[in-house]
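The values are calculated or read from the model by the stated rules, or taken from the named source; none is laboratory data. Nothing here was measured: the structure is a model prediction, and the numbers come from that model. Quick reminder, even Gly has a Cβ in these numbers, built from the backbone with ideal geometry, and neighbours come from all protein chains shown. Heavy atoms of the whole protein, side chains included, go into the accessibility calculation; ligands, DNA and RNA do not. Shrake-Rupley method; radii C 1.70, N 1.55, O 1.52, S 1.80 Å.
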Amino acid sequence: MYLKELTINGFKSFAKKSELEFSAQVTGIVGPNGSGKSNVAEAFRFVLGEQSVKSMRGKKGEDLIFSGTDTAGRANRASVSVLLDNSSKIFPIDFDEVTIERVVHRD
């Protein structure tokens, strides 16, 4: 089993849908300060079930949703999905891929 794709939409600094494909065995996320590297890691933790908003640098669930900028309005929901390869049947189902998604709404 390995991570194939991470899709982030409206989560923290990701206003628009962003798809990160992981095709190599080793992947690194690099970039300058403020580019959202930590938000990618937190999105992954979020979709896998992290319950502590505080550990994701927030005070309440609403803090995980894109809050808007001068040019882009705030989002009402955030979603993160992860696509996992299941060809080795780690999950006991008849499918070669498994998608896990988690959504948080502003209200």
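For Cα pairs less than 8 Å apart in space and 6+ apart in sequence, what is the mean separation divided by the residue count of the chain, i.e. the relative contact order in percent? If you can, show how the numbers build up before the last one.
Working: 182 pairs, mean separation 36.7, N = 107.
Over the chain, the number comes to 34 percent.
Taking the full set of protein chains and a 1.4 angstrom probe, give the accessible area of THR27 in square angstrom, rounded to the nearest 10.
Accessible area of THR27: about 70 Å².
Can you give the FRET efficiency to the nearest 0.05 for SER87 and LYS59, using r as the Cβ-Cβ distance and R₀ = 35 Å? Mind showing how you got there, number by number?
On the way: r = 41 Å, r/R0 = 1.16.
Computed FRET efficiency for SER87 and LYS59: 0.30.
Which entries of LYS37/LYS59; LYS17/LYS89; LYS12/LYS54; LYS17/LYS37 show an alpha-carbon separation above 25 angstrom in the structure shown? Kindly include the intermediate steps, with their values, before the conclusion.
Numbers: LYS37/LYS59 20 Å; LYS17/LYS89 29 Å; LYS12/LYS54 14 Å; LYS17/LYS37 16 Å.
From LYS37/LYS59; LYS17/LYS89; LYS12/LYS54; LYS17/LYS37, over 25 Å: LYS17/LYS89.
Which angle from 0 to 90°, rounded to the nearest 10, does the C-alpha axis of helix 37-47 make with the longest principal axis of the chain?
That works out to roughly 60 degrees.
Hey, for a label at PHE95 modelled as a point 7 Å past Cα toward Cβ, could you say which residues of segment 1-24 have their backbone N under 11 Å away?
It comes to no residues whatsoever.
Report, to the nearest whole %, how much of the accessible area of the chain belongs to carbon and sulfur atoms, 1.4 Å probe, protein only.
On the way: 3560 of 7120 Å².
Carbon with sulfur: 50 percent of the solvent-accessible area.
In square angstrom, what is the accessible area per residue of the chain with a 1.4 angstrom probe?
67 Å²
For SER52, what accessible surface area do you get with a 1.4 Å probe? Give it in Å², rounded to 10.
The value for SER52 is about 50 Å².
Tell me the trypsin sites (Lys or Arg not before Pro) within segment 18-107 that lie in a loop according to DSSP and have at most 13 other beta-carbon atoms within 10 Å. All intermediate terms of the calculation are to be shown ahead of the outcome.
Details: sites: LYS37, ARG45, LYS54, ARG57, LYS59, LYS60, ARG74, ARG77, LYS89, ARG102, ARG106; in loops: ARG57, LYS59, LYS60, ARG74, LYS89, ARG106.
Sites meeting the loop and neighbour criteria: ARG57, LYS59, LYS60, ARG74, LYS89.
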